[in-house]
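This report concerns only the one structure given below.
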Amino acid sequence: MLLEEPFGSSRTAIAPHVDLSVHIDLPPDIALARRSLRTITNLPDNPAHAQQAAALSDLELQFVAYLGAGRAAYSAAEHAARAVADLELDGLEPVDILVEKVLAALSARGVLKKDEVV
């Protein structure tokens, strides 16, 4: 029996029955693009929804390009930008925290006065 699931042998109920547990490390962006492509590709053709079909076709083209040379190009651009950045922020932080950090950095450089509002 082959079981595909995210928890593998970490599920105590099935662990004794597992002969081989394999974890395939895959970056989340690639997993998202692949899953989205599967979803788009498996949709039935429906001319009544032409606008949605056009949007999905555009997404399909973007994902295919990203999984081709696009990801490497984005990665190279990110590494180049990161190398010369004066400030690196975590994009998962809330926007208000990011704004505070940018304002603090501008203030520290004398570009923005502490009481000045942008």
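The values are calculated or read from the model by the stated rules, or taken from the named source; none is laboratory data. Note that the structure is predicted; figures quoted are calculated from it, not measured. Here Cβ is always computed from backbone atoms with ideal geometry, including for glycine, and neighbour counts include all displayed protein chains. Just the protein is used for accessible areas: all its heavy atoms, side chains included, with ligands, DNA and RNA removed. Shrake-Rupley method; radii C 1.70, N 1.55, O 1.52, S 1.80 Å.
Residue check: is Ala13 in a loop (DSSP other than H, G, I, E, B), open to solvent by less than 100 Å² (accessible area, probe 1.4 Å), among the aliphatic types (A, V, I, L, M) and at pLDDT 85 or above? Taking the combined requirement at face value, the residue satisfies it. A count restricted to the stretch 76-92 and to residues that are over 23 Å from Ala31 (Cβ atoms) and either open to solvent by less than 60 Å² (accessible area, probe 1.4 Å) or not charged (D, E, K, R) (or both) stands at 7.
Taking the stretch 50-75 as the range and being within 16 Å of the chain's Cα centre (by Cα), farther than 19 Å from Arg35 by Cα and open to solvent by less than 90 Å² (accessible area, probe 1.4 Å) as the test, the residues that pass are Ala72, Ala73, Ser75. If you go through the stretch 19-49 and keep only what is open to solvent by less than 60 Å² (accessible area, probe 1.4 Å) and either in contact (Cβ under 8 Å) with a residue 12 or more places away in the chain or part of a helix (DSSP H, G or I) (or both), you end up with Asp29, Ile30, Ala31, Ala33, Ser36, Leu37, Ile40.
In the stretch 50-81, of all residues being among the aliphatic types (A, V, I, L, M) and touching a residue at least 24 places away in the same chain (Cβ under 8 Å), the one that is nearest to Glu5 (Cα to Cα) corresponds to Leu67.
Filter the stretch 77-92 down to the residues that are assigned to a helix (DSSP H, G or I) and either small (Gly, Ala, Ser) or within 15 Å of Ala104 (Cβ to Cβ) (or both), then identify the one that is nearest to the chain's Cα centre (by Cα). In this case the residue turns out to be Ala77.
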